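First up is the structure itself, then whatever we jot down about it.
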Amino acid sequence: MSKANKVLITGGSGLVGKYLTSMLLAEGYIVKHLSRRHNSFGTVRVHQWDPDKGIADDAIFKDIDFIIHLAGENLSGKRWSARQKEVIMRSRVDSARLLFEKTDKSGHKLKAFISASAVGYYGSVTSGRIFKEDNPPSDDFLGSVCRAWEEAANLFASSGIRTVKIRSGVVLEKNSGVLASLLVPAHYGIFSYPGNGKHYLSWIHIKDLCAIYMKALHDEEMSGAYNAVAPHYTQYRVFMKTLAMVKGKRFFHPPLPAVLLKLFFGEMSQMILTGSRISPEKIIQAGYSFLFDNPHNALNDLQN
């Protein structure tokens, strides 16, 4: 690499952003973050922005080679009131539109725009279908959010910029997210699963997800949407049984009744109680080889 490429990341202080930043720095990229707050991340310069107010320094966009858009309100942070739904939607869509406006105004053409998305694109359902990238979006809340999120990313594609949309599943990392919440009761030998546990958990190891983002930077043939989920489908109950095995504990699973989860979480409970199989075939055909393709290997790595 004759000249270090510059990468601007939104949501750089989040789970994926931290891992990805470290990988980029290790490969010699110059990394900058856009954040609502003054955060420090080693040698990374953090620039403030406010997507709600359409504020971001124009100068930031004049020499950036890549933008990786990870920013978005936590889906499980609060109960899904009408107001919270709007926050979830706008945090993804308005921010992408602002990035496009600022990039377009700068007159500097990016090498690629890479946007986070999610397998929620296919909806909160449990079905016999194996979802692929060419399946249409669901009309439920998650499907609508992901569709609008990707449409905002497509503004870059329409202007001739290579655009990649990474539809990730549940990200496994031991210090944050779903797995971290499961490891606490697991320490005490409790491996409960929501509802009947027969729905599928679409998961991906944090190292694989970040490696797919890195491939999206390097591989100029990558364009459009890609499912980022591990190849081996697993039902939630089987996943929890595997976690018990990895922890060397008896599979004790007191019930988490669906009716109670619906009462407590409201509409958000559908995200917990449903899940279908998602195909990663497209990213595999693009040349990506998973580091962790089954839950046993992934969980074994993450507990060490």
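Pull out all pairs, ordered by first then second residue, where Cβ-Cβ is under 6 Å, the residues are six or more apart or on different chains, the first lies in the stretch 1-14 and is within 16 Å of I68 (Cβ to Cβ) and among the polar types (S, T, N, Q), and the second is surrounded by fewer than 16 Cβ atoms within 10 Å (Cβ to Cβ) and at pLDDT below 90.
Listed by first residue and then by second, the contacts come to S13/N39.
List pairs: first in the stretch 95-113 and among the aromatic types (F, W, Y), second surrounded by fewer than 15 Cβ atoms within 10 Å (Cβ to Cβ) and not in a helix (DSSP H, G or I), Cβ under 8 Å, 6+ apart or cross-chain?
The qualifying pairs are F100/S159.
For the stretch 35-46, does any single residue satisfy the condition of being in contact (Cβ under 8 Å) with a residue 40 or more places away in the chain and either over 27 Å from M268 (Cα atoms) or of a type outside the set (S, T, Y) (or both)?
So far as the stretch 35-46 goes, no, none of its residues is in contact (Cβ under 8 Å) with a residue 40 or more places away in the chain and either over 27 Å from M268 (Cα atoms) or of a type outside the set (S, T, Y) (or both).
Determine, yes or no, whether D219 is surrounded by 22 or more Cβ atoms within 10 Å (Cβ to Cβ) and acidic (D, E).
No.
The values are calculated or read from the model by the stated rules, or taken from the named source; none is laboratory data. Remember, predicted model here, so these are calculated numbers, not experimental data. Glycine also receives a Cβ, built like all others from the backbone with ideal geometry; neighbour counts cover every protein chain displayed.
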